[in-house]
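J.: Below you will find the structure I want to go over with you.
The values are calculated or read from the model by the stated rules, or taken from the named source; none is laboratory data. Computed from a predicted structure; not experimentally measured. As a convention, Cβ positions derive from the backbone with ideal geometry for all residues, glycine included, and neighbour counts pool all protein chains shown. Heads up: the accessible areas ignore ligands, DNA and RNA and are worked out on the full protein's heavy atoms, side chains in. Shrake-Rupley method; radii C 1.70, N 1.55, O 1.52, S 1.80 Å.
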Amino acid sequence: MKKNSLSPIIKELLKNGTVNYFLAYGKGSFWFKVRPLIIREPVELKNLEWNRFCYPNLTTYLKDSSRSQDKIGVVVKGCDVKSVVELIKGNQIDRENLFLLQVPCDGTVDPGKVENLVWISKLKVTGFEETGNGLEFITKEGRVSVNKEEVFFSKCYKCDFAPSPLVDRYLDEERLEKNQPSIDNPDLYEELRIIEEMNPEKRSIYWEKQFSRCIRCFACRNVCPVCYCPTCVFDQKDTSWISKGVKPEENNIFHLTRALHVATLCTGCGECERVCPMKLPLMELNLKLIKEVDELYHYKAGVDLQSISPLKEYGKDDYDEFK
Amino acid sequence: MTTMNSNNLSINIPPLILKKEYFQGFLEAIKDKYELYIPSEEDGVTLIREYSSGDKLSENYFNVSLPIRNLFFPQEEILFKFSLKENYNLEEKEMLSRERVIFGVRPCDILSLSLLDLVFESEKKDSYYLNKRDKSIIIGLGCVAPQESCFCTSFGVEPGKVIGADISLTDLGENYLVEILSLKGESLVNYCSSIFSKAEERDFLRGKNIQSKTRELMPSRLESEAKPLNLEKYFESPEWQKLAETCLGCGICTYLCPTCHCFDISDKRWLEEGQRFRCWDSCMFSDFTLMTSGHNPRINKKERVRQRFMHKLSYFYNRFSEIACVGCGRCLKYCPVDIDITRVIGVFKDEGK
Amino acid sequence: MKENNLYKNPYLPEVVLIERVTTETPDIKTFRLLKTEGSFEHLPGQFMEVSVFGVGEAPISISSYAGKAGYIELSIKKMGMVTSALHDLRFGDKIGVRGPYGNSFHIEWIKRKDLLFVGGGIGLAPLRSLIHYIFSNREDFGRVTILYGARTFQDLVFKDELFNQWPQKKDTQVHTTLDMGNDDWKGRVGVVPKILKELKLKPINTVAFTCGPPIMIKYTLETLEELGFPDEDIITTLEMKMKCGIGKCGRCNIGDKYVCLDGPVFTLKELKDLPQEF
């Protein structure tokens, strides 16, 4: 298994001092969960995990380390590398202090979808096995297989993985071939179609209804790898853009501001939506902004270190609606 | 380990049957007299929401995402209004006068109310919370399929069996077995008695059977009954740092917890009037203990994570002789980085109190 | 269960009149509030939740003890939003108060004992309620020593009492010190713990009370221990982020103690038994 080949590499990198610690995945509380694992000592490698539930984007922990001199290793998937690109471009981390170890990934499983399947079919699942086409649940009554279309995160069907020169080491170079988009020519903005067809009034009602569920736990903000302001605008002591309550109008301000603040930085990793306990469709907001930026400026976050965010530079050819 | 309603004396009604075909009629009948809340699903999220005619009970729900405390201690609640003119004319928020029925509360969440009662009934009584408690009739619904994250049995809860509510419902498939647990429950059943039929001995036995089957389905997250932990002596343990280092510092664990009760009080003002409100707050937020002077006794994540667990497992016990956890599993299920309270209990479990 | 409206609303403040505002220092004012008939009685050491409507509520220790006289005083340093708004108020304005809350200094236990007060800056305010109590029941207590310090002369609070009233009381000594002296200042110069050391007080039958900025408290506690005061005879009052004042909101805990219920007055012995997280 892949985790068995991951372990000796991390062990070696720790031993020869290339890194001080490694951000990786560990065994979670349930069979469908993993837990971010910070490995400082080789003994901690016994908890190492790599499977299709390794959806968390570990690069968010690089935000915290931006002021330390530690050399950090990170287990990354193709999509996670994009966040690293933005963190480097935003001067949040020092490329020299980073070791990126990329594992081949052909899609991650949405635990929410798995839970629903399990619940509806009243299965008592004790574990799972990965198959080429998805997963097999192991139950007392036998094995039940599910297709990846049923359980993968939707972003995984649209994976546009391309090898990145930032990566220090690929775990399995031959397998890189398999890191191809799951669907040929996917519609990247499929989720937006319904909302874009709404008239402004309907759209406003739609979002107000969604935002009204927000409990202001700030998980969407905290988990985001590119939400890296040392003091968030909503945490400033002497201003009160929003109160601590959950007034609907303030929820609107919070979510729209959050989305706008990460525009041109958001790489679409989907962590904000994944962690939301109230299932707000936050990626619909982010995707819309990604789409607008793409169409107006032909810019995509996380692609390379050279291109500059259109919000950070002025060009004569910039879109100008006042012309 | 529970301090439940003390009015469950002299209930004379034997167990009843509510046929599912009459269920919607049952809800409609309640709605005519009471405010009614039921678990319903919208946009994929099941919450306890106010019932309006035709709403359906959420079919696929293990438990509601937000704990039941929201109905007694809302996330945001106006305490009083005032005018900004000379005498301020403080205007107390009106208390509930009409009774309300909350349908479909799970056994773990019912237990959580008895823990919140300890806080809000102690010393100076919290009129806002107690008024809502007084005016609520709770219909508990036993679980039939516990989740991977459930561990209520470690806190003395029988997941299939409702105690501490006013009425207990057990899902028998095509029917509900209805047991009346309090005088309030009796009054509700009397109000719409024609909807029920008498339960036969075999219905009753079937209910017991389902309840014990549910228990068998419980995952064994904690090996046994959770005991109060003498965590104070582990205050300086390096385990806290290990637990905290992946914490994102969000409020999910505390806001979804049925026993968390921390809040903040603030004012909001307009030109000539204003209101004072309270809202949930979270010890996981860095500004929770930030003082005006700039001093913050819990400046790091380690201290905040430690506070959350110590409060639940140790401090609350020292004050009220109960552990402030009911094993609902929400914190563990929803934590984005899988910080697991049962792991904490496991790490320190060797030392009982 | 019980009937509607049976519970008194514990969050509803009483609206009271500001009878007098005394400017103590550039950033500290003392507000004398008129009690209405039948309203709160307090003990030395307790605090009130003070409301400026539209701005918010803050816990403030009561800095006076006037027995049956119909007022209380709050000495308030301008720090945050509520205290700044309070500083904009004048006599004749009205504010809201709830309380009194918290435990109090243990009067019975200190009767017939000698008493040492060590205060710094605004920290003299909570001690002053006990000093007032002692002077209005002077026969019940032994000798009183008051050591008080501030940064500069203009930062000293309660100047009239410090220099004119308290030194006249029977068996009472008042020592005032400044961190920074100047040519006009004839008194002591030096930080409070240093002067405390120089006073060479004996701990026999003496209880020490201290309150002030955290750094002063830290060194004062150390000095008192060096002087031989046992931990149970060293008493301080704490500032923690209290909000509701009635043990519900969960903000002011130190370990399993709530400052608003079990405090704000603690002995050093009690503090040492608590997690060091305050």
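J.: Give the stretch C:232-267 a look and list any residue that's within 7 Å of chain B (Cβ to nearest Cβ) and either open to solvent by less than 10 Å² (accessible area, probe 1.4 Å) or in contact (Cβ under 8 Å) with a residue 60 or more places away in the chain (or both), or say none.
T.: Matches in the stretch C:232-267: C:243, C:244, C:246, C:247, C:248, C:249, C:250, C:251, C:253, C:255, C:261.
J.: Let me ask something additional. Being of a type in the set (D, E, K, R) and touching a Ser or Thr at 6+ places or on another chain (Cβ under 7 Å), is that true of even one residue in the stretch A:55-74?
T.: yes
J.: Just to verify a result, which residue in the stretch A:277-304, among those that are touching a Pro at 6+ places or on another chain (Cβ under 9 Å) and among the hydrophobic types (A, V, I, L, M, F, W, C), is least open to solvent (accessible area, probe 1.4 Å)?
T.: A:293
J.: Please specify each residue of the stretch B:77-89 satisfying the condition of being surrounded by 14 or more Cβ atoms within 10 Å (Cβ to Cβ) and either among the β-branched types (Val, Ile, Thr) or within 7 Å of another protein chain (Cβ to nearest Cβ) (or both).
T.: Scanning the stretch B:77-89 gives B:78, B:79, B:80, B:82, B:84, B:88.
J.: So if I check each of C:255, C:250, C:228, which one is in contact with a His (Cβ under 9 Å, 6 or more places away or on another chain) and more than 23 Å from residue C:42 (Cβ to Cβ)?
T.: Being in contact with a His (Cβ under 9 Å, 6 or more places away or on another chain) and more than 23 Å from residue C:42 (Cβ to Cβ) holds for just one of C:255, C:250, C:228, which is C:250.
J.: Which of the residues spanning the stretch A:222-263 are open to solvent by 30 Å² or more (accessible area, probe 1.4 Å) and assigned to a helix (DSSP H, G or I)?
T.: Passing the criteria: A:248, A:249, A:252, A:253, A:256, A:257, A:260, A:261.
J.: Might you check whether a residue that is in contact with a Leu (Cβ under 8 Å, 6 or more places away or on another chain), aromatic (Phe, Trp, Tyr), closer than 16 Å to residue C:45 by Cα and not in a helix (DSSP H, G or I) occurs anywhere in the stretch C:113-131?
T.: The answer is yes; a qualifying residue exists.
J.: Just to verify a result, which residue in the stretch B:181-210, among those that are small (Gly, Ala, Ser) and crowded, with 18+ Cβ neighbours inside 10 Å, is nearest to the other protein chains (Cβ to nearest Cβ)?
T.: B:182
J.: Got a number for residues in the stretch C:268-278 being more than 14 Å from chain B (Cβ to nearest Cβ) and over 19 Å from the mean Cα position of the chain (by Cα)?
T.: The total comes to 1.
J.: Which of the residues belonging to the stretch A:50-71 are open to solvent by 30 Å² or more (accessible area, probe 1.4 Å) and touching a helix residue (DSSP H, G or I) at 6+ places or on another chain (Cβ under 6 Å)?
T.: Within the stretch A:50-71, just A:71 meets the criteria.
J.: Would you please name the residue that is farthest from the other protein chains (Cβ to nearest Cβ), looking only at residues in the stretch B:34-50 that are open to solvent by 20 Å² or more (accessible area, probe 1.4 Å) and closer than 21 Å to residue B:184 by Cα?
T.: Among those that are open to solvent by 20 Å² or more (accessible area, probe 1.4 Å) and closer than 21 Å to residue B:184 by Cα, it is B:37.
J.: Same structure again: Can you name every residue in the stretch A:133-156 that is open to solvent by less than 40 Å² (accessible area, probe 1.4 Å), under 26 Å from residue A:301 (Cα atoms) and assigned to a helix (DSSP H, G or I)?
T.: Matches in the stretch A:133-156: A:156 only.
J.: Let me ask you something else. Counting only residues that are more than 18 Å from residue C:63 (Cα to Cα) and assigned to a strand (DSSP E or B), which one in the stretch C:146-173 is least open to solvent (accessible area, probe 1.4 Å)?
T.: Filtering first and then ranking leaves C:172.
J.: For the stretch A:25-58, give me each residue that is within 19 Å of residue A:107 (Cβ to Cβ) and either of a type outside the set (Phe, Trp, Tyr) or assigned to a strand (DSSP E or B) (or both).
T.: Those that are within 19 Å of residue A:107 (Cβ to Cβ) and either of a type outside the set (Phe, Trp, Tyr) or assigned to a strand (DSSP E or B) (or both): A:25, A:28, A:33, A:34, A:49, A:51, A:52, A:54, A:56, A:57, A:58.
J.: Hey, among the residues in the stretch C:9-27 that are part of a loop (DSSP other than H, G, I, E, B) and more than 18 Å from residue C:82 (Cβ to Cβ), which one's modelled with the lowest pLDDT?
T.: Ranking the candidates gives C:9 first.
J.: Please go through the stretch A:158-168 and give me each residue that is surrounded by 14 or more Cβ atoms within 10 Å (Cβ to Cβ) and farther than 14 Å from residue A:84 by Cα, ordered by number.
T.: Within the stretch A:158-168, A:158, A:159, A:160, A:161 qualify.
J.: Still on this model: Is it the case that the stretch B:63-76 has a residue that's among the β-branched types (Val, Ile, Thr) and either more than 13 Å from every other protein chain (Cβ to nearest Cβ) or buried (at least 21 other Cβ atoms within 10 Å of the Cβ) (or both)?
T.: Checked against the condition, which is being among the β-branched types (Val, Ile, Thr) and either more than 13 Å from every other protein chain (Cβ to nearest Cβ) or buried (at least 21 other Cβ atoms within 10 Å of the Cβ) (or both), the stretch B:63-76 yields at least one hit.
J.: Check A:281, A:277, A:230 and return the single one that is within 12 Å of chain B (Cβ to nearest Cβ), closer than 30 Å to residue A:35 by Cα and touching a Leu at 6+ places or on another chain (Cβ under 9 Å).
T.: Result: A:277 is the single residue among A:281, A:277, A:230 that is within 12 Å of chain B (Cβ to nearest Cβ), closer than 30 Å to residue A:35 by Cα and touching a Leu at 6+ places or on another chain (Cβ under 9 Å).
J.: Filter the stretch C:72-94 down to residues that are open to solvent by 50 Å² or more (accessible area, probe 1.4 Å) and part of a loop (DSSP other than H, G, I, E, B) and give me whichever is modelled with the lowest pLDDT.
T.: Across the stretch C:72-94, the extreme among qualifying residues is C:79.
J.: Scan the stretch B:211-241 for residues that are open to solvent by less than 60 Å² (accessible area, probe 1.4 Å) and either within 12 Å of chain A (Cβ to nearest Cβ) or aliphatic (A, V, I, L, M) (or both) and jot them down.
T.: Hits for the stretch B:211-241 are B:218, B:219, B:221, B:222, B:226, B:229, B:231.
J.: Next question. Within the stretch C:200-220, is even one residue in contact with a helix residue (DSSP H, G or I) (Cβ under 8 Å, 6 or more places away or on another chain) and more than 22 Å from residue C:131 (Cα to Cα)?
T.: Taking every residue of the stretch C:200-220 in turn, at least one turns out to be in contact with a helix residue (DSSP H, G or I) (Cβ under 8 Å, 6 or more places away or on another chain) and more than 22 Å from residue C:131 (Cα to Cα).
J.: Could you say whether any residue in the stretch A:39-61 is without any contact (Cβ under 8 Å) to a residue 24 or more places away in the chain, within 18 Å of the chain's Cα centre (by Cα) and on the phi < 0 side of the Ramachandran plot?
T.: no
J.: So which of A:228, A:189, A:206 is modelled with pLDDT of 95 or more and among the aromatic types (Phe, Trp, Tyr)?
T.: A:206
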